[in-house]
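Below is one structure, written out as structure tokens; comments come after it.
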């Protein structure tokens, strides 16, 4: 019994954290944003450490509906640190009314908890419930922004598309259940590959994947991204763009691995979605003036690259996606950190607002440069190495032309990424703009991010080896 | 990364990393304080030298090469090691490089006294030593190549040290570009080896049996050997890439001594001798080495015969001696080439440093003027320069005699024509080097004595009264040390041969060759004596009676003119122009068009992205439906 509690410790801790934060939401009196911030910061730091410590835990819980392996624990660790980083950059939480701050932290926590359950869930119903827990928290977070009506529109849109995706997913799951007569992934994994050529199995699989495509903003479930990115509060969007995406990648790997990699139909569908997604995302991003909207479209393109790694359906492919997920998390946090620090009163930041950043805050400019170049996939950043690994995995599977296509897309994406760098480094500062003050903790965070970005770019081997073992764990019969 | 930290490894790390640490220290911390920088630089070189000495003695009797290495890049078909590789050859070279670097740094205390850029100078010296040391002990060709290029960079910095002087910065540039030209071939050669054999380890290419096992076809082997040799041609200033070296004399004299005796230019010879079995496997490549060496040796000897600048004479003699080493290697005499490299390193450093003393004192480079100003009164430099010249000319019992003799024997083995070329070169060498000595010992015409008063004022201007002796003796002591090494090194031939090759041959060539070589050298000396030394000599070379030939020699066979023309017409006029136009019209134009197209495509696509919810959902499920349709059709 105690043993099982220890296995479940990270989740239990985040549940505890949610309870503490819930206590804060109902506490009466004046809102105390600093108290809320520090409570959340300390708790999430402990949480991150606990998830780190839980790497290596293995076992099954809850009638084998819940599995702990290196894959799930690695992702839990990523999620824990992602949440910590997002809370780190929430010290200037101007975009949300002060009395809502405890709720903001509470729902971030529940959403993360949902995602942690998600990466460990190996049973369809558990998986669905976990997914919904994380999604519903986000549905509340997105419209939380104070001020304009724009955000409620974003919230409603997000909710509607999310609900449709969930419905589709449930529908698909029912097909899978109908074909395999079980909801356990382990059993599905043994039966589904033989049935993968039957219509029921394929349709079930594709419809199930649709629900995850929504999470990852894969074409055609990408429509919410630009509006949510633009309409949501900066920190909320940072969470959606990083932690939530990471969970999406994890569960996508888990489900695609079920098929055994034998279905040409599924393969072709993924290829088409990857191609259309990245092209559409990159082309539309060129035109964007708002930095968050630009990142939204770039995230649609990135979902395409991720599909490229997943559809290799090989150990290396999954491992490269895991690596990419971490690099993507760090790079996005770097971009959002700069954005949050620059934004005045929680407003959105236009690309032109970066003008002269290198004079106003040289350190931020460097972080932005690395973050943006990383997203563009330039060495020596983690973004380059991640893309490189994904492309190698795809080439090994014989998708050379697909990789070439992705490369062309990467080149297109350079255009808008470099536009951001150009604004930050070459344009003169706007009249009357003042140097941006960076507090010491923020400065440290900057250095840490820079180091991690470069480290991911230059010394991939340690982490990639772990990722390979984690990918093996997914492929092993569950 | 490296397996296990032992004391030997620690020493290797000290030997290889101390200089670069000093470079960093000087650049970051002590740049303001000259004396601190000098101290840091000398301590660093001393540590490096001491560690090298330890390694040299420790591994002197080692049976096999000692390797410390970690893999830097490993993939299925490719292994690139990084680390240290100690075999007799690299140990010997390491010892030479560390020693010369150290004495040059000590010497520079005096020579560079009063120069405001002294900190920068010492930093660059350290950078240079670091690159050279790591080149020498590289376990693989890629590491060797990387440090090879770093040597190029640091030599650029050192040659162009007086960058405010136009000719100096031009000379630095020229040295860099010309050596780089050869390096292109070197790099292509490395790539060929890497692609065909999958590794670049010196342990493989330096072992005759292993070279045979690499499965390299004869044609590819020859091709890559010649390509790699082109790198050596550039670095060692061989024909046709030799004109950068005389110009490189623009740097401070100790730099010339460092670059042109034991280190930078010797790197080319070192490279070929390092993978000698690899070259030996291709007779064509060996022939190329031999021919290039011979041409260079003869050409540059003629150039030295007309020069009036003492550094220029030594520069041309360096080129010709390097050519001589290549001749030895090309003729298959591995030990002779390496031995000459060793002896040459010391006596050529000696010659340059002596020249430095004179230049420092008389503030002129022209040895005719030095002579008139009373050079012969400076006894220590005069004696040491004479020792150096005797060694250079191959007069017994100085070290050069033994190594030249060994090469001659190798050449005789290869064929008489090569021996004749070698003898001719030896005669010319003796002639031009003794020309310098006789002119300096026996000044002709009115002698304007260099008064002591002037000298004193001069010293005050540089070193400052109380420390003048430091300035002076830092230079003189180094001359004495190098002079002593030059005197005795020749007698260690057998020990060195045993150390390098594992056995020592009892005899080298016949008595006849010995007599011939000595005779040629003496003939050169005697000719020089009658023209420059004897009482009523006019101090005009026989060449001055043949104006056109003299012009040809002193203009370096018009090679610089040819290169200038080549640059102007072919590179600037032809290639650059074409590429510029291509860049502007096709690439720029094409990219602009492509960008406009992409941006407008982006506009068009973004129109589909409307914010209407119903429309969005419609689009989404349309795609899902299409997926279903596709499934039905397939």
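When you look at the Cβ of every residue in A:276-288, what mean number of other chain Cβ atoms sits within 10 Å?
Mean number of neighbouring Cβ atoms from other chains: 4.
Once the convex hull of the alpha carbons of region A:2-475 is built, what does its volume come to per residue, in cubic angstrom?
On the way: hull volume 60.3 nm³, N = 474.
So the per-residue hull volume is 127 Å³.
Nearest 0.05, what FRET efficiency do residue B:523 and residue B:46 give at R0 = 35 Å with Cβ-Cβ as r? Let's see the in-between values first.
Numbers: r = 44 Å, r/R0 = 1.26.
Step by step, r from the Cβ atoms, then E = 0.20.
Quickly work out the residue B:617-to-residue B:21 label distance, labels modelled 7 Å from Cα along the C-beta direction, and quote it in nm with one decimal.
7.0 nm
Suppose R0 equals 35 Å. What FRET efficiency, 1/(1 + (r/R0)^6) with r the Cβ-Cβ distance, do residue B:492 and residue A:465 give to the nearest 0.05?
For R0 = 35 Å, the calculated efficiency reads 0.10.
What translational diffusion coefficient, in µm²/s and rounded to a whole number, does the Stokes-Einstein relation yield for the protein assembly as shown at 10 °C and a viscosity of 1.306 mPa s, taking the hydrodynamic radius as the Kirkwood radius over Cα pairs? Mind dumping the intermediate values first?
Working: Rh = 34.1 Å.
For the chosen part, D equals 47 µm²/s.
Assuming R0 = 41 Å, can you tell me the calculated FRET efficiency for the pair residue A:167 and residue A:392, based on Cβ-Cβ distance, to the nearest 0.05?
Efficiency, from the Cβ-Cβ distance: 0.65.
Taking only Cα atoms, what is the 0 to 90° angle, nearest 10, from helix B:264-274's long axis to the longest principal axis of chain B?
70 degrees
Packing-wise, with mean Cβ within 10 Å as the measure, how do A:34-42, B:584-592, B:127-135 rank, highest first?
B:127-135, A:34-42, B:584-592
For region B:563-633, what is the convex hull volume of the alpha-carbon atoms per residue, in Å³?
Once divided by residue count, the hull of region B:563-633 is 151 Å³.
Mind checking the mean number of beta-carbon atoms from other chains within 10 Å of the Cβ atoms in B:616-624?
Partner Cβ neighbours, averaged per residue: 6.
Using helices alone, what [θ] at 222 nm do you get for chain B, with -39,500 (n - 2.57) per DSSP H run of 4 or more residues, divided over all residues and rounded to the nearest 500?
Mean residue ellipticity at 222 nm (helix-derived): -23500 deg cm²/dmol.
Rounded to the nearest Å, what's the spacing between the alpha carbon centres of region B:143-182 and region B:14-68? Just the number, please.
23 Å
Where the centroid of each part is defined by its Cα atoms, how far is region A:171-188 from region A:117-131 in Å?
Each part's Cα centre sits 13 Å from the other's.
From the Cα gyration tensor of region A:352-419, with a ≥ b ≥ c the square roots of its eigenvalues, which class applies: rounded if a/c is under 1.5, or else prolate if a/b is larger than b/c, or else oblate? Mind showing how you got there, number by number?
Working: a/c = 6.07, a/b = 2.35, b/c = 2.58.
Since a/c reaches 1.5 but b/c is at least a/b, the shape of region A:352-419 is classed as oblate.
Taking only Cα atoms of region B:68-192, what ratio of Rg to Rh do you get with Rh as the Kirkwood inverse-distance radius?
1.04
For region B:194-236, just the Cα atoms, rotate onto the principal axes and tell me the three extents in Å, largest first.
Principal-axis extents of the Cα atoms in region B:194-236, largest first: 30, 21, 17 Å.
Sorted by packing (mean other beta-carbon atoms within 10 Å per residue), highest first, where do A:438-448, B:44-54, B:156-166 land?
Ranked from most to least packed, the peptides come out as B:44-54, B:156-166, A:438-448.
Each label point is 7 Å from the Cα along the Cα-to-Cβ direction; what then is the distance between the points at residue B:596 and residue A:271, in nm?
3.5 nm
What is the gain in length, in nm to one decimal, between residue B:624 and residue B:170 on full extension, counting 0.36 nm per residue of separation less the C-alpha to C-alpha distance?
156.6 nm
As I understand it, the value is the acute angle between the Cα axis of helix B:334-362 and the longest principal axis of the Cα atoms of chain B; what does it come to in degrees, rounded to 10?
The helix B:334-362 is inclined about 70 degrees to chain B.
Relative to the longest principal Cα axis of chain B, at what angle does helix B:34-58 sit, 0 to 90 degrees, rounded to 10?
Its long axis makes an angle of about 90 degrees.
Would you calculate the convex hull of the Cα atoms in chain B and tell me its volume per residue in Å³? Walk me through the intermediate numbers first.
Values: hull volume 142.5 nm³, N = 634.
Dividing the Cα hull volume of chain B by its residue count gives 225 Å³.
For the pair residue A:5/residue B:417, report the inter-label distance in nm, with labels modelled 7 Å from Cα in the Cβ direction.
My value for the distance between the label points is 9.5 nm.
Between region A:390-452 and region A:202-230, what is the separation of their alpha carbon centroids in Å?
Between the Cα centre of region A:390-452 and that of region A:202-230, the gap is 24 Å.
Gain in length, residue B:511 to residue B:580, computed as 0.36 nm per residue apart minus the alpha-carbon separation, to one decimal in nm?
Result: 18.5 nm gained on full extension.
Order of A:302-308, B:382-388 by packing, highest average Cβ count within 10 Å first?
Going from most to least packed, we get A:302-308, B:382-388.
Averaged over its residues, how many other protein chain Cβ atoms are within 10 Å of peptide B:195-203's Cβ atoms? Walk me through the numbers on the way to the answer.
Values: counts 0, 0, 0, 0, 0, 0, 0, 0, 0.
Average neighbour count from other chains, rounded to a whole number: 0.
If neighbour count is taken as other Cβ atoms inside 10 Å, put B:418, B:473, B:148 in order from fewest to most.
With the fewest neighbours first, B:418, B:473, B:148 line up as B:473, B:418, B:148.
Each reported figure results from applying straightforward, stated rules to the coordinates on display, with no laboratory input. Being a predicted model, the structure only gives us computed values, none of them experimental. Ideal geometry is used to build each Cβ from the backbone, glycine not excepted, and the neighbour counts take in all protein chains shown.
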